[in-house]
Amino acid sequence: MSDTHGSDSSPARVGGHQTVLVLDFGSQYTQLIARRVRENRVYCEILPYDTPIDEIRRRSPMGLILSGGPQSVYAPGAVRPDPALFDLGIPTLGICYGMHVMVHLLGGVVEGADHREYGRAEVDVLDPGLLFEGLGERQTVWMSHGDRIRHLPEGFSVCASTANAPTVAFENSARKLFGIQFHPEVSHTVSGGEILRNFLYGACGAAGDWGMASFLEETVEAIRARATEGRVLCAISGGVDSSVVAMLLHRALGEQMVAVFVDNGVLRKDEALQVLHSLREDLGLRVIGIDAGDRFLVALQGIEDPEEKRRIIGRVFIEVFEDEAAKHGDIRYLAQGTLYPDVIESVSVKGPSAVIKTHHNVGGLPEHLDFELIEPLRLLFKDEVRQLGRELGLPEEFVGRHPFPGPGLAVRILGEVTPERVELLQEADAIFLQELREGGFYDKVSQAFAVLLPVKSVGVMGDYRTYENVVAIRSVDTQDFMTADWSPLPYELLGRVASRVVNEISGVNRVVYDITSKPPGTIEWE
Ligand code: XMP
């Protein structure tokens, strides 16, 4: 598989941009670090902690950031980078575990602390050095560690401490090595943005040359350079990602793109009609609509396992595309709206953020594909895709749409997916979304939907005992979909949704509201 920018064979600098590399030691916050760096207009990529030095050199990064990680650096089997990393002369910032590993490999001592520190902490800045330049003497930060530094290696000086740990920030200005115990990438670290900016602009000399306007131009060029022969099949789901891909391809290739919209039978209520209409009328795209609902539902018959559902849907999508492509003759490429988080999770190596779910647009693809893949968004985070959409003139209706998983309602119907259960869930979901819109909450929450549970509960309607389905409703607030809080929706709204669902949909006698955050829950139930 390959893509417009290439993943295994990325150029040293994407579009000639200065690059910071984050080496991932398995922190839950690794992707957040990369996003924060990009918010500072500096291009950033995540690589495994054990990326060979030659590969790092080849990419000529302007800076390195070593992420946190769950281990103790002195524990047997703790993950470690090649120590030669610290001799590259590249400004390097170690965060939490990344800082410990730097200290440990350069001759200092890290030990288990008497007090573990999780959550907010106050830090005293003893010497601002470069990282704390322009910041106050007391800093509120977010800690998550059980270890602390006992001795720094030679040539390193302490910048900040807390009551529990004498060294929570240090630097070695001669070698351009920096460490902080706390997490600047987390919003609870009040001046985290400034600290990262000081590293990027002060230590690394960033020029701030990354942004969506230039990404747009470069990507259009890259697509043109890539798709020189044959046509590109672009599958649009109506979500923001695939709509942005279609707009990009349209701009780059015009009629060389064949856009298709597949109704997989597990979409929201009336979605197929509405989406096709807006793609054609509002975006001016020539889109072929394919009704493949039956094909998907037949393939899903009897399947209860969530990962199996995802794989089947991924496979049937490809079969549908292959059949469609055969009608158009010279289709060489398939365009997909794969995003960076899917790429990182799916190539997960030892240590880093484990694969929790197989996202169908990466993990579900068969080994052999008759198409080459074009994935112009595979370097972007979701909020960057939205910015790019705005840059492309995509209406807010598309840009602000809640995400919808590729496997659709199939992963929101727990247990077997049948046409009756799809219809039931579509109705419940439509009621919930309608009430959210009317209450002015749709744009305030990040993602909201209904889930059909595989249990029945006893109820009473009129004078009769009922024994029917349970629907869960879920709404979350999140910036990046990697962590999320459940939305504190007003009781009246929740009450209205519950009574409408039970009254208007026969077969449902109970509605529950999901008040689980992520972690420990995930956003979807499967
Ligand atoms: P989770 O459930 O992993 O979801 O917390 C995070 C975000 O990803 C979406 N999601 C998917 N998107 N294919 C997709 O295209 C999938 O298989 C899939 N599973 C989850 C989910 O809706 C949420 O926005």
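If LEU93 passes every condition in (1) modelled with pLDDT of 95 or more; (2) out of contact with any Phe, Trp or Tyr (no Cβ under 6 Å at 6 or more places or on another chain); (3) hydrophobic (A, V, I, L, M, F, W, C); (4) closer than 25 Å to SER157 by Cα but one, which one does it miss? The failed condition is (2). Looking at GLY230, GLY208, GLY202, just one residue is open to solvent by 20 Å² or more (accessible area, probe 1.4 Å) and either within 21 Å of ARG38 (Cα to Cα) or outside the structural domain of LEU253 (by TED's automatic domain parsing) (or both), and that residue is GLY202.
Those residues that are out of contact with any strand residue (DSSP E or B) (no Cβ under 8 Å at 6 or more places or on another chain) and either modelled with pLDDT of 90 or more or open to solvent by 10 Å² or more (accessible area, probe 1.4 Å) (or both), I need them from region 372-388; list them, please. Correct list: LEU377, ARG378, LEU380, LYS382, ASP383, GLU384, VAL385, ARG386, GLN387, LEU388. Of ALA113, ALA160, ALA207, all but one fail to be small (Gly, Ala, Ser) and within 25 Å of LEU379 (Cα to Cα); the exception is ALA207. Selection over region 262-310 of residues that are open to solvent by less than 20 Å² (accessible area, probe 1.4 Å) and among the basic types (Lys, Arg) gives a count of 2. Out of all the residues in region 61-87, which are open to solvent by 50 Å² or more (accessible area, probe 1.4 Å) and among the polar types (S, T, N, Q)? Scanning region 61-87 gives a single hit, GLN71. If the condition is being open to solvent by 10 Å² or more (accessible area, probe 1.4 Å) and at pLDDT 95 or above, then region 471-484 contributes only ASP477.
Scan region 308-343 residue by residue and report those that are part of a helix (DSSP H, G or I), in contact with a strand residue (DSSP E or B) (Cβ under 7 Å, 6 or more places away or on another chain) and β-branched (Val, Ile, Thr).
The one that is part of a helix (DSSP H, G or I), in contact with a strand residue (DSSP E or B) (Cβ under 7 Å, 6 or more places away or on another chain) and β-branched (Val, Ile, Thr): VAL320.
Scanning region 405-453 for residues that are surrounded by 19 or more Cβ atoms within 10 Å (Cβ to Cβ) and of a type in the set (Phe, Trp, Tyr), we see that the one that is farthest from the ligand (Cβ to nearest atom) is PHE432. Would you confirm, using the coordinates I've provided, whether GLU55 is acidic (Asp, Glu) and in contact with a Pro (Cβ under 9 Å, 6 or more places away or on another chain)? It is false that GLU55 is acidic (Asp, Glu) and in contact with a Pro (Cβ under 9 Å, 6 or more places away or on another chain). Checked against (1) surrounded by fewer than 19 Cβ atoms within 10 Å (Cβ to Cβ); (2) under 24 Å from ASP305 (Cα atoms); (3) more than 16 Å from the ligand (Cβ to nearest atom); (4) touching a residue at least 60 places away in the same chain (Cβ under 8 Å), GLU468 passes all but a single condition, namely (4).
Only one of the numbered conditions (1) of a type outside the set (A, V, I, L, M, F, W, C); (2) at pLDDT below 85; (3) within 10 Å of the ligand (Cβ to nearest atom) is violated by LYS350, and that is (3).
In region 45-60, of all residues being in a strand (DSSP E or B) and touching a residue at least 40 places away in the same chain (Cβ under 8 Å), the one that is most open to solvent (accessible area, probe 1.4 Å) corresponds to PRO48.
Checking each residue in region 471-509 for being touching a strand residue (DSSP E or B) at 6+ places or on another chain (Cβ under 7 Å) and either in the same structural domain as SER187 (by TED's automatic domain parsing) or among the hydroxyl-bearing types (Ser, Thr, Tyr) (or both) picks out SER475, THR478, THR483, SER487. Taking the criterion of being within 14 Å of the ligand (Cβ to nearest atom) and either of a type in the set (Gly, Ala, Ser) or not assigned by TED's automatic domain parsing to the domain that holds ALA259 (or both), the only residue of region 282-330 that qualifies is GLY314. One residue alone among ALA121, ALA78 is over 29 Å from GLY208 (Cβ atoms), touching a strand residue (DSSP E or B) at 6+ places or on another chain (Cβ under 8 Å) and modelled with pLDDT under 95, and that residue is ALA121.
Quick grid of which residues meet (1) more than 23 Å from GLU307 (Cα to Cα); (2) within 17 Å of the chain's Cα centre (by Cα):
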| site | (1), (2) |
| --- | --- |
| PHE371 | yes, no |
| LEU379 | yes, yes |
| GLU384 | yes, yes |
| LEU388 | yes, yes |
| PRO405 | no, yes |
| VAL411 | no, no |
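For region 110-147, the set of residues classified as part of a strand (DSSP E or B) and open to solvent by 50 Å² or more (accessible area, probe 1.4 Å) consists of ASP114, HIS115, ARG116, TYR118, ARG120, GLU122, ASP124, ARG138, TRP142, listed by residue number. VAL460 satisfies every condition listed in (1) open to solvent by 70 Å² or more (accessible area, probe 1.4 Å); (2) under 31 Å from the mean Cα position of the chain (by Cα); (3) not aromatic (Phe, Trp, Tyr) except (2). Determine whether region 471-483 contains at least one residue that is farther than 26 Å from GLN274 by Cα and more than 16 Å from the ligand (Cβ to nearest atom). No, there is no match, as no residue in region 471-483 is farther than 26 Å from GLN274 by Cα and more than 16 Å from the ligand (Cβ to nearest atom). Residues that are open to solvent by 40 Å² or more (accessible area, probe 1.4 Å) and closer than 30 Å to LEU380 by Cβ were ranked within region 489-526; the one that is nearest to the ligand (Cβ to nearest atom) is THR522.
Of the residues making up region 164-197, those that are crowded, with 23+ Cβ neighbours inside 10 Å and among the hydroxyl-bearing types (Ser, Thr, Tyr) are THR167, THR189.
The values are calculated or read from the model by the stated rules, or taken from the named source; none is laboratory data. Note that this is a predicted model, so its numbers are computed, not measured. Quick reminder, even Gly has a Cβ in these numbers, built from the backbone with ideal geometry, and neighbours come from all protein chains shown. Side chains are part of the model used for accessible areas, which takes the heavy atoms of the whole protein and leaves out ligands, DNA and RNA. Shrake-Rupley method; radii C 1.70, N 1.55, O 1.52, S 1.80 Å.
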